[in-house]
């Protein structure tokens, strides 16, 4: 009787784990890193001295010999496709994975509330990321970057609102 009960318990735990993975939008594979706090203690951030970049992807999943970054967004997929900032965020994680795991992922994933999108980590996207990082460094060196939007709701949610001379709220 006890072996049957243990087998049923193991099956229930397996089904619950599969359901949690599906709800998180994770592809099949082994979760090798998580920053969500819901599964385990958050890992240390990935770091690249060469890029001057640090980041904590929500998940890294090892699948078919690759480590893939997964970024989870609570919003549904934007009507025109992923926001550029989301694409660059995943590209940055792909670049960090390249250095941390000594291999280049072919793509990263953005898990929106309604679907999961693959972002190909192409040489062109990597070059765009490098250009963006150079622009960020130049703005930082200049001391102040101009606001890049006209959306008051973004300003209300911004952590720099109190010190920003260009706030819309």
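The values are calculated or read from the model by the stated rules, or taken from the named source; none is laboratory data. Remember, predicted model here, so these are calculated numbers, not experimental data. Heads up, the Cβs are rebuilt from the backbone with ideal geometry, glycines too, and the neighbour counts pull from every protein chain shown.
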Could you check, for region 49-63, whether at least one of its residues is at pLDDT below 90, out of contact with any strand residue (DSSP E or B) (no Cβ under 6 Å at 6 or more places or on another chain) and farther than 29 Å from residue 140 by Cβ?
yes
Hey, among the residues in region 51-77 that are assigned to a loop (DSSP other than H, G, I, E, B) and under 16 Å from the mean Cα position of the chain (by Cα), which one's nearest to residue 107 (Cα to Cα)?
57
Among the candidates 86, 103, residue that is within 19 Å of the chain's Cα centre (by Cα) and not in a helix (DSSP H, G or I)
103
Pairs needed: first member in region 127-147, without any contact (Cβ under 8 Å) to a residue 60 or more places away in the chain; second member anywhere, outside any helix (DSSP H, G or I) and exposed (fewer than 11 other Cβ atoms within 10 Å of the Cβ); C-beta distance under 9 Å; at least 6 residues apart or different chains.
139/146; 144/165
Looking at (1) exposed (fewer than 10 other Cβ atoms within 10 Å of the Cβ); (2) within 27 Å of residue 93 (Cβ to Cβ), which one does residue 163 not meet, given that it meets all the others?
(2)
Select from region 119-143 the residues that are surrounded by 10 or more Cβ atoms within 10 Å (Cβ to Cβ) and in a loop (DSSP other than H, G, I, E, B) and list them in ascending order.
121, 122
Name the single residue, out of those in region 102-118 being closer than 19 Å to residue 50 by Cα and out of contact with any helix residue (DSSP H, G or I) (no Cβ under 6 Å at 6 or more places or on another chain), that is surrounded by the fewest Cβ atoms within 10 Å (Cβ to Cβ).
102
